[in-house]
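The values are calculated or read from the model by the stated rules, or taken from the named source; none is laboratory data. All figures in this text were calculated on a predicted structure; none of them were measured in a lab. Please note: Cβ atoms are built from the backbone with ideal geometry, for glycine as well, and neighbour counts cover all protein chains shown.
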Amino acid sequence: MKNIGIVCEGPTDYILLKAIIDKITGEANTYFQLQPEDNLQGEYGNGWKGVWKWCMEHEQNLERFMKDITPQLDMLVVHMDGDVARNEKEVHCQCEATSCELKNKIHPLKCTRIKKQDCPIVLPCENHEQSVNGYEEHLTALILKWLNQNDNVCVGIPCDSIEAWVVAAYDSLQGVESIENPWMRIISKGKEYHGIRIQGHKKRLTTYRQFVGRVCEQWEQIKILCTCAARFEENIRSCY
């Protein structure tokens, strides 16, 4: 049993991740939701930008930070959905294919050109394979770069999002990782999803708590259908 800190896009991701890690390790680990904060009003906000900001803030003191928490953290899990690489120009600012006079002069999250709709970044980025593996590899490399280390750090990049793992557990769909926005297109498309009430398109903690049992029960199937899930298990086992 270990003390594990989780940095993720949102509290619904946190609910699934800690259950999956317990399934993988066969242990009832102790978890700390480092990002986002419970009320989503913390210093870094939520979503993928919150993950990036958290990593940027702790780059220079991550090892000390993990030791200073009581009890001390044994490992850190960082999550970001693969659709970030597909949709968000900021994560491609430093790519070789990007030509911009502000490159390396201003942090991508502080640049106003994207909001002004005059950002020169073109998606899909020429530097990365437009595939599940391409998105996963790109974001994993970025996160490890942001943290300036990979010791005791496990990166998880579900594609297209962690909801693909939910769909794989319930529907056994081939190619589920290539479905864009499975939450909108499959899970929340109707008022119910496999008997679980879906209240509009808002992701609710009560809904995701109901997914946990099925996701853990079908984890072996999920790994077959989702290469990112299989790789996440490999990463957890190597860090654990």
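Inspect all residues belonging to the stretch 155-173 and state whether any of them is touching a helix residue (DSSP H, G or I) at 6+ places or on another chain (Cβ under 9 Å), surrounded by fewer than 16 Cβ atoms within 10 Å (Cβ to Cβ) and either under 27 Å from GLU57 (Cβ atoms) or in contact (Cβ under 8 Å) with a residue 60 or more places away in the chain (or both). Looking through the stretch 155-173, none of the residues is touching a helix residue (DSSP H, G or I) at 6+ places or on another chain (Cβ under 9 Å), surrounded by fewer than 16 Cβ atoms within 10 Å (Cβ to Cβ) and either under 27 Å from GLU57 (Cβ atoms) or in contact (Cβ under 8 Å) with a residue 60 or more places away in the chain (or both). Checked against (1) loosely packed, with under 15 Cβ neighbours inside 10 Å; (2) in a helix (DSSP H, G or I), VAL91 passes all but a single condition, namely (1).
Checked against the criterion of being under 20 Å from ALA85 (Cβ atoms), out of contact with any Phe, Trp or Tyr (no Cβ under 9 Å at 6 or more places or on another chain) and touching a residue at least 12 places away in the same chain (Cβ under 8 Å), the stretch 183-196 contains one or more residues that satisfy it.
Hey, among LEU17, LEU76, which residue is assigned to a helix (DSSP H, G or I) and of a type in the set (A, V, I, L, M)? It is LEU17. Here CYS119 passes the criteria (1) surrounded by fewer than 19 Cβ atoms within 10 Å (Cβ to Cβ); (2) part of a loop (DSSP other than H, G, I, E, B); (3) on the phi < 0 side of the Ramachandran plot; (4) free of Cβ contacts under 8 Å to residues at least 40 places away in the same chain except the one numbered (1). When the criteria are applied in full, HIS201 fails the requirement of being more than 17 Å from ARG86 (Cα to Cα) and more than 20 Å from the chain's Cα centre (by Cα). For the stretch 136-145, the count of residues that are part of a loop (DSSP other than H, G, I, E, B) and charged (D, E, K, R) is zero.
Taken over the stretch 44-61, the residue count meeting the criterion of being in a helix (DSSP H, G or I) and on the phi > 0 side of the Ramachandran plot is 1. Entry remark, the stretch 40-58: residues being surrounded by fewer than 19 Cβ atoms within 10 Å (Cβ to Cβ) and modelled with pLDDT under 90 number 5 in total.
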